[in-house]
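Just so it is clear, none of the values below were taken in a lab; they were calculated from the coordinates. As the structure is a prediction and not an experimental result, all values here were calculated from the model. Positions of Cβ are backbone-derived with ideal geometry, glycine not excepted, and every protein chain shown enters the neighbour counts.
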Amino acid sequence: MESVVLKPEKLDIDYDRKEDVLYISVGKPRAADDSIEPQEGVVLRTRKGELVGITIVRLKGRLAASPG
């Protein structure tokens, strides 16, 4: 997988406690025209080849399982 360097003016972060899903938008929230799931429950959303957002499902479980 290639590396991506982000230098956004703004990150918009929203957490849905009920569904345990974290939404991160790069810049102003925009609709995506494509997405990839490099890891189960982690979705990278793109528009015209540019990263516009990241969705992380089951965030609490992932944080609890992280070492350290």
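Can you name every residue in region 52-64 that is surrounded by fewer than 17 Cβ atoms within 10 Å (Cβ to Cβ) and farther than 16 Å from Asp16 by Cβ?
The one that is surrounded by fewer than 17 Cβ atoms within 10 Å (Cβ to Cβ) and farther than 16 Å from Asp16 by Cβ: Ala64.
Restricting to region 12-27, name every residue that is on the phi < 0 side of the Ramachandran plot and surrounded by 15 or more Cβ atoms within 10 Å (Cβ to Cβ).
Initially, region 12-27 is screened for residues on the phi < 0 side of the Ramachandran plot, giving 12-19, 21-26.
Those that are on the phi < 0 side of the Ramachandran plot and surrounded by 15 or more Cβ atoms within 10 Å (Cβ to Cβ): Val21, Leu22, Tyr23, Ile24, Ser25, Val26.
Determine whether region 31-38 contains at least one residue that is of a type in the set (Val, Ile, Thr) and surrounded by 15 or more Cβ atoms within 10 Å (Cβ to Cβ). Walk me through it before giving the result.
First pass over region 31-38, keeping only residues of a type in the set (Val, Ile, Thr): 36.
This time we only want the ones that are surrounded by 15 or more Cβ atoms within 10 Å (Cβ to Cβ), so: none.
Within region 31-38, none of the residues are of a type in the set (Val, Ile, Thr) and surrounded by 15 or more Cβ atoms within 10 Å (Cβ to Cβ).
Would you mention how many residues in region 21-64 are within 19 Å of Lys10 (Cα to Cα) and in a strand (DSSP E or B)?
Residues in region 21-64 being within 19 Å of Lys10 (Cα to Cα) and in a strand (DSSP E or B): 16 in total.
Between a residue in region 30-52 that is in contact (Cβ under 8 Å) with a residue 24 or more places away in the chain and any residue that is assigned to a strand (DSSP E or B), which pairs come within a Cβ distance under 6 Å, given they are 6 or more apart or on different chains?
Filtered contacts from region 30-52: Leu51/Val26; Val52/Val26; Val52/Arg45.
Residue check: is Pro67 assigned to a loop (DSSP other than H, G, I, E, B) and more than 16 Å from Asp14 (Cβ to Cβ)? Before the answer, list the steps.
Numbers: assigned to a loop (DSSP other than H, G, I, E, B): yes; more than 16 Å from Asp14 (Cβ to Cβ): yes.
So Pro67 passes the test.
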